[in-house]
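The next block holds one structure in the form of structure tokens; read it before the comments.
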Amino acid sequence: EDPFTFPHVQNLRSFPKSELLGKVVMVRMDSMIISRGMKEHQWLPDNAFSTIIYLQKAGARVVLVSSWNANAKSSFHSEASPSVETVAMFLSLVLGVEVVPVKFFRRSTFTELDHEKNQIVLLLDNLFSFKEERANCPKFARELSSAVDIIVNDAFSESHKVLASTVGVASHTYAYIAGFFFEENLCKMKNIIDISERPYMTIVTGNNLDGKAAALHTLISICDGLIFVGTIAFQIMHILRIPIPMNLVNPGELLMATEIVEHAKSRNIPLVLPKDVWCIKEDGSDKMKLFSVYSMPPGWKPTDIGPQSLKEMASCLSECKKVMWIGPLGFRTSEIVKDGIFQLAGSLDKLSGCEVTFVGKMESTEFLGKSKSFSNCNFLPGATVVWEALKGRKLPGLMALDRAYPFHIDWNAVYADPLRPLVVDIGSGNGLFLFAMARRKDTNFLGLEMNEKLVDRCLDDARCHEFRNLHFLATDATSTFMSVVSSYPGELILASIQCPNPDFNKPEYCWRMLRRSLVEAIIDKLVIGGKIFLQSDIEAVAIRMKEKFMEHSKTMLVILESHGDLAVDNQGWLKENPFGVPSSWEKHVLCRGDPMYRLLLSKIGYRR
């Protein structure tokens, strides 16, 4: 599997704007925006707040949630860690709209506050305070999203984390989409591994070879050379038998350094290392002195590259068509520098026709002020996210968004006429119900089933019997129903859920399939007058399904007490299958003499 196959996610830009009007939309803001924004004179991306502004103009009721810690402390406030009230004040100034801090909110909160204020945005408490957030607690995620219609994820720099607010909430809302800030940074990250422009060089700064080795092998595979500026360079120098002081060598990283050198040799690409460095005394004095890397005395600590290193590195970059700089503008966090690394970054400004991307927590305010051609478009915050992606690891925050549009279905190839009405059976199993229903040639039928082997068997049978109005997909309908049905050109007239398997180890037979996200998606996509067929051989499960649909129906559903010539029993259950086509499990239950609990719902109007 290609580690760089990023999921195709639905984003706010492509989401129907009309569907935002009046909806409660939660925006998971990037913590970096809060932390940097709270500090005076800190650069922020141009689109840091564009998601919120867009949603407000579209008529959505916006709830903001994010996390921040003591690192956000600044002269903007005097608290050890900014309170939710302080952050709300900052966001109010930036957005030009009153941001109201709240600990909890209900759908009625907006109505209650709207009596006094015309336009408000709610800000929930600091997620950093909740251990349930970092533990991705299911209960916490459910409570966080309980009063929300749509969730927009703008927390790109936290995509590598498994959080309740970015991963856990995905299954509790009918639409989970990427905001403008997330979308733009995802595009920049995809561009990093695009090798269409060559020569392509990467400048690697900072330390921690142990945590970056796998990613460096990826960069060696796709780039035409690597330039090392930072303490990682000394591990490679030691392998190349350059006599550097042993206090600069990390024995635990030498094997990794050896493998990197061997990989670069096998590809015949250069690993460019400093030739001279500015150093300071380790005793803490501010005195700086320039040394060749071949003659660094003990007791001195490198802090910047020298003029010879700068000249050679700039020469290597002069013909490049693409350059990535990943890491800080320095060897380490030391503030005592000689401006060599800044000059190297500045030399990229002079390259003609070269695409340059800076990744990480750059000293961006100062650097952007000096640059003639670089803008926000050249910067990608969140180096940790990029390092993780370069290692080939899946990003949990990104994969959670995969529920939006994971399918690209050519409906013309699937069905003879994709404009016919559609019937969807969720949890289609061995497909017996749909194969019998598909004899009705004026309708298309679709089975959604998690068991891939069953789906493969059904598809083979459908091809064998030349059904051109029947198809099956291996998928978890809880997360993908909305995307699959949204792309279908015809109308959804019937959705059925038959005999879902309950989990008897949890109260109220809570099974994975029937969640709010699926219920709302079915109701939203169903045509007016369309039907929902529910049945189970376990009465408690049938009752729970009915309650779930009625709870989230927004008065759009009614229970049909009769359908054609069929009637209900004294408890309101349909006595017979309304379609005359039993599923395989239904046949089994009836053969053993047990009852089926059936219900037929009809959609009567649009959500208000």
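The values are calculated or read from the model by the stated rules, or taken from the named source; none is laboratory data. Model, not experiment: these values are computed from the prediction. Positions of Cβ are generated from backbone atoms using ideal geometry, with glycine treated the same way; all protein chains shown enter the neighbour counts. Side chains are part of the model used for accessible areas, which takes the heavy atoms of the whole protein and leaves out ligands, DNA and RNA. Shrake-Rupley method; radii C 1.70, N 1.55, O 1.52, S 1.80 Å.
Under the condition of being modelled with pLDDT under 90 and part of a loop (DSSP other than H, G, I, E, B), the residues counted in the stretch 540-576 number 17. Total residues in the stretch 142-159 satisfying the condition of being part of a loop (DSSP other than H, G, I, E, B) and at pLDDT 95 or above: the figure is 2. Restricting A170, A141, A215, A147 to residues that are surrounded by fewer than 24 Cβ atoms within 10 Å (Cβ to Cβ) and more than 30 Å from L20 (Cα to Cα) narrows the list to A215. Residue pairs whose Cβ atoms lie under 9 Å apart, separated by 6 or more positions or on different chains, with the first residue in the stretch 113-129 and over 18 Å from V25 (Cβ atoms) and among the acidic types (D, E) and the second modelled with pLDDT of 90 or more and part of a helix (DSSP H, G or I), are D125/V84. Taking the criterion of being of a type outside the set (S, T, N, Q) and over 22 Å from Y200 (Cα atoms), the residues of the stretch 247-274 that qualify are L248, V249, P251, G252, E253, L254, L255, M256. Candidates are the residues of the stretch 391-433 that are of a type in the set (K, R) and at pLDDT below 90; the one that is least open to solvent (accessible area, probe 1.4 Å) is R403.
Conditions (1) in a loop (DSSP other than H, G, I, E, B); (2) touching a Leu at 6+ places or on another chain (Cβ under 9 Å); (3) open to solvent by less than 60 Å² (accessible area, probe 1.4 Å), marked per residue:
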| site | (1), (2), (3) |
| --- | --- |
| D283 | yes, no, no |
| D286 | yes, no, no |
| L290 | no, no, no |
| C320 | yes, yes, yes |
| W325 | no, yes, yes |
| I341 | no, yes, yes |
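Filtering the stretch 298-313 to residues that are in contact with a strand residue (DSSP E or B) (Cβ under 8 Å, 6 or more places away or on another chain), modelled with pLDDT under 90 and in a loop (DSSP other than H, G, I, E, B) leaves only G299.
Does G252 qualify as being open to solvent by 10 Å² or more (accessible area, probe 1.4 Å) and over 33 Å from the mean Cα position of the chain (by Cα)? Judged against the criteria, G252 is a match.
When the residues of the stretch 1-46 are filtered to those that are outside any loop (DSSP other than H, G, I, E, B), over 27 Å from G59 (Cβ atoms) and over 15 Å from the mean Cα position of the chain (by Cα), the one that is modelled with the highest pLDDT is M32. Would you confirm whether any residue within the stretch 155-162 is open to solvent by less than 40 Å² (accessible area, probe 1.4 Å) and more than 22 Å from M324 (Cβ to Cβ)? Yes, some residue in the stretch 155-162 is open to solvent by less than 40 Å² (accessible area, probe 1.4 Å) and more than 22 Å from M324 (Cβ to Cβ). Taken together, S292, S315, S285 contain a single residue that is closer than 30 Å to L390 by Cβ and among the polar types (S, T, N, Q), which is S315. Filtering the stretch 413-466 to residues that are among the small types (G, A, S), in contact with a strand residue (DSSP E or B) (Cβ under 7 Å, 6 or more places away or on another chain) and not in a strand (DSSP E or B) leaves G427, S428, G429, G431, A438, A462. Filter the stretch 580-608 for residues that are at pLDDT below 90, outside any helix (DSSP H, G or I) and within 16 Å of G429 (Cβ to Cβ) and give the result. Correct list: V581, P582, S583. Residue count for the stretch 292-302 under the criterion of being among the β-branched types (V, I, T) and open to solvent by 70 Å² or more (accessible area, probe 1.4 Å): the result is 0.
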